[in-house]
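Visitor: Take this structure, written in structure tokens, and hold onto it; I'll ask about it next.
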Amino acid sequence: ALALAQARAVAGRLRGVGVAVEISVIRTEGDRLADARLAALGGKGLFVRAIEEALLAGKADAAVHSLKDLPAVLPRGLVLGACLERGDPRDVVVTRAAGGFDGLPEAAVLGTSSPRRRALALRLRPDLIVEPLRGNVDTRLRCLEGGGLDAVVVGAAGLDRLGIVPAHAEPFRPDVFIPAAGQGIIAVEARADDPVIMTLQVLDHSPTHLCALAERSFLRRLGASCATATGAHARAEGRRLHM
């Protein structure tokens, strides 16, 4: 649902300037292996590999991604054609009962499969029990409602784009719970030699794109992947960039 919402947002912007757009839905290996652990299967690349193959084969002209899901190194011949203005980059803890993160009982069970979210949550609350939890935003929230979990951590931007307002949700400060590189950014990937890149420029938000490049450069420098507990959050303020 989130991938489609983001694709429709990009398509709507392009149609607004007279570009004809057709949305093609590609089911990826990551979608098919919904119950497996990402790190054991090759990481978030499972969600983009089939889409990037379609781009390279000329079966698609552009691909819409949550930027945090794109590996730091893109395949040869592909580039970031545009980054839309960043949404809310924060992580949000959604709890079954009121009280927020600090109000969770001792040894409460938190659901997340992100090494970054696991590490940050346990740094703040070493008493928590962190259980792996994959799936779309709505799937994870249903798991919370079903019992067995006391809380889950999701991205604020995903909730916003799906129009979901949980009853008990509390955003973390980004300087305390550092977001994933690219979190909150919709990115459009394209072939490096394709003239469509010029068309995509109408979507690009320069300050966001600069922050995206800084955060992804940090990941590349570390050799970090989705199996690494790594966060990076850049902010462009005037002529300065803070990360």
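Visitor: Which one of these is at pLDDT 95 or above and either farther than 20 Å from residue 83 by Cα or in contact with a helix residue (DSSP H, G or I) (Cβ under 7 Å, 6 or more places away or on another chain) (or both): 167, 190?
Guide: Values: 167 fails: at pLDDT 95 or above.
Criteria check complete, one pass: 190.
Visitor: Would you say residue 88 is surrounded by fewer than 19 Cβ atoms within 10 Å (Cβ to Cβ), under 16 Å from residue 155 (Cβ atoms) and at pLDDT 95 or above?
Guide: On the way: surrounded by fewer than 19 Cβ atoms within 10 Å (Cβ to Cβ): yes; under 16 Å from residue 155 (Cβ atoms): yes; at pLDDT 95 or above: yes.
Answer is yes for this residue.
Visitor: Let me ask something additional. Identify, by number, the condition in (1) closer than 15 Å to residue 190 by Cα; (2) within 14 Å of the chain's Cα centre (by Cα); (3) modelled with pLDDT of 90 or more that residue 21 doesn't meet.
Guide: So residue 21 meets the others, but not (2).
Visitor: How many residues are under 19 Å from residue 168 (Cα atoms) and of a type in the set (Asp, Glu) if we restrict to region 99-134?
Guide: 2
Visitor: Looking only at residues in region 109-124 that are in a loop (DSSP other than H, G, I, E, B) and touching a Lys or Arg at 6+ places or on another chain (Cβ under 8 Å), which one is least open to solvent (accessible area, probe 1.4 Å)?
Guide: Here is the first cut: in region 109-124, the residues in a loop (DSSP other than H, G, I, E, B) are 112-114.
Within this subset, residues satisfying the condition of being touching a Lys or Arg at 6+ places or on another chain (Cβ under 8 Å) are 112-113.
Numbers: 112: 11, 113: 57 Å².
The extreme case among them is 112.
The values are calculated or read from the model by the stated rules, or taken from the named source; none is laboratory data. Please read these numbers as outputs of a predicted model, since none were measured by experiment. Counting neighbours? That spans all protein chains shown, and the Cβs are built from the backbone with ideal geometry, glycine included. With ligands, DNA and RNA removed, areas are computed over all heavy atoms of the protein, side chains included. Shrake-Rupley method; radii C 1.70, N 1.55, O 1.52, S 1.80 Å.
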